[in-house]
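The values are calculated or read from the model by the stated rules, or taken from the named source; none is laboratory data. Since this is a predicted model, take the numbers as computed values, not measurements. Here Cβ is always computed from backbone atoms with ideal geometry, including for glycine, and neighbour counts include all displayed protein chains.
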Amino acid sequence: MRLGIDPGKVQNYPKVVVDDIDVYYLESVATSFKTVRVKIEKLLFFKKLIAVSER
């Protein structure tokens, strides 16, 4: 999981739009987890994604 996307690899992932945000994911994530919630944590100038999943 990462913030941003590599334009050269975008065609390798399915895309969905959630709350006007483009989300690209691996097929295995969709089949392995019922729900995945993602949030952004910020500390000064640094941002990181946190994922919480339900099976």
Next on the checklist: Please verify whether Pro14 is surrounded by 11 or more Cβ atoms within 10 Å (Cβ to Cβ), free of Cβ contacts under 8 Å to residues at least 40 places away in the same chain and of a type outside the set (Val, Ile, Thr), treating the condition exactly as stated.
Outcome noted: yes
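Residue-wise test of (1) of a type in the set (S, T, N, Q); (2) in contact with a Lys or Arg (Cβ under 9 Å, 6 or more places away or on another chain).
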position	(1), (2)
Gly4	no, no
Lys15	no, no
Tyr25	no, yes
Ser28	yes, no
Thr31	yes, no
Arg37	no, no
Ile40	no, yes
Ala51	no, yes
Next on the checklist: Restricting to segment 3-25, and then to whatever is in a loop (DSSP other than H, G, I, E, B) and within 13 Å of Ala51 (Cβ to Cβ), can you tell me which residue is modelled with the highest pLDDT?
Outcome noted: Tyr25
Next on the checklist: For segment 26-50: of the residues being surrounded by 10 or more Cβ atoms within 10 Å (Cβ to Cβ) and in a helix (DSSP H, G or I), which is farthest from the chain's Cα centre (by Cα)?
Outcome noted: Ser32
